[in-house]
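Each reported figure results from applying straightforward, stated rules to the coordinates on display, with no laboratory input. Because the structure is a prediction, the values reported are computed rather than measured. When we count neighbours, we look across all protein chains shown, and the Cβ atoms used for this are built from the backbone with ideal geometry, even at glycine.
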Amino acid sequence: MISSGRARNASLRQMTQAALKGESVPSGLEQGPLDQRSKELRKQCVRCLLGGSRGHVGSTFSLIEILRVLYDDVLKYDPSNPSWEERDRFILSKGHGCIALYVLLAEKGFFPDAELDKFCHPDGILGGHPDHVKVPGIEASTGSLGHGLSIGIGRALAARVRGADWRVFVTLGDGECNEGSVWEGALAAGNHGLENLTVIVDNNKRQSYGSTDEVLDLEPFADKWRAFGFGVHEVDGHDTDALRDAFARLPYEKDRPSALICHTVKGKGIPEAEGNNKWHHLRAIDKAKAQSMIDAIEAY
Ligand SMILES: Cc1ncc(C[n+]2csc(CCOP(=O)(O)OP(=O)(O)O)c2C)c(N)n1
Ligand SMILES: [Mg+2]
């Protein structure tokens with residue numbers, strides 16, 4: 001026990017030092033291509049990052065295809081009436097990835113496109129974490145990790161009580177699943193058999209300072225969700241056809257909540273950013289940096 005603890009500490013030290021030096025951690029995942037729409041969405045994210053001179057790049061770029069498919073093909077919503085009673089409820093529990101969501105919400109017409117240039121500005125509505133009071137289309141204010149699932153469970157129970165057929169989707173990060181509150185929520189969702197609830201995990205295998213298997217391993221991850229009473233499906237989270245198919249199959253099991261584990265690449269779309277902890281959050285993004293990011297995305 002003592003020696004494995006020491007080995008683990010040494011490995012954590014190595015990992016932290018690598019992260020601080022900005023060294024890349026090998027992702028072990030295939031580098032599939034991106035279509036033009038996925039590239040354009042990422043370029044819009046760079047626009048926000050430039051406006052705010054900062055932002056969570058890696059966390060945003062692993063999410064793009066998941067959100068794109070949800071907002072293009074899956075969710076029921078009305079941008080002219082964001083609190084439409086019949087809407088599906090989407091909660092971005094990993095709120096620090098909000099730039100991806102802002103870009104989709106602006107594109108769909110929830111708020112003026114010009115807001116994207118005012119990311120993190122005092123006179124804008126788009127903060128570094130999403131605010132449901134200020135931003136039309138944001139279902140819940142998030143950023144403090146570990147709360148979105150429980151909020152979603154409340155919404156799913158509300159639908160049941162009201163006899164409504166809207167659905168609830170909650171997106172978690174893999175590092176976020178190190179929070180005990182996620183598993184309290186999972187226990188409750190399974191216990192109540194919330195078939196109208198889907199957890200989507202952006203499983204990019206990384207968190208702020210290292211890889212999730214080294215910080216606090218989640219494996220066997222799919223089995224854990226099953227054990228908590230979920231129907232589970234796994235998918236390449238950058239393959240839009242596979243994502244569409246995975247959402248079309250919901251619910252995965254009758255009278256159970258669903259968990260869709262999306263295998264993604266943190267920083268997907270900029271080779272230097274992929275699996276590189278230095279790109280979890282960037283500061284001081286100037287025009288030259290933004291242009292180099294756009295060039296890398298275009299060449300991907
Ligand atoms: C309760 C809480 N603790 C710590 C943080 C700081 N924090 C912000 S992002 C992050 C890593 C999250 O990793 P993951 O969920 O895997 O998201 P990713 O950035 O990889 O998409 C942490 C620890 C936080 N936002 N909330
Ligand atoms: Mg992660």
Please pull out the direction-averaged projected area of region 68-186, using the convex hull of its alpha-carbon atoms, in nm² to one decimal place. 7.4
142, 60 arranged by Cβ crowding within 10 Å, fewest neighbours leading: 142, 60
Run the simple label-point estimate for residue 192 and residue 76 please: 7 Å along Cα→C-beta, distance reported in nm. 1.9
Please give the contour-minus-distance gain from residue 295 to residue 253: 0.36 nm per residue of separation, less the Cα-Cα distance, rounded to one decimal in nm. 10.8 nm
Relative contact order, percent, region 35-299 [alpha-carbon distance under 8 Å, six or more residues apart]: 24
If we sort 282-288, 256-262, 246-252, 190-196 on the protection proxy, mean other Cβ atoms within 10 Å, highest first, what's the order? 256-262, 190-196, 246-252, 282-288
What number does region 35-299 give for Rg over Rh if you use C-alpha atoms and the Kirkwood radius? 0.95
A correct Karplus calculation of ³J(HN,Hα) over region 172-186, with 6.51 cos²θ - 1.76 cosθ + 1.60, θ = phi - 60°, whole Hz and x for Gly and Pro, returns 10, x, 5, x, 4, 6, 6, 7, x, 4, 4, 7, 5, x, 4
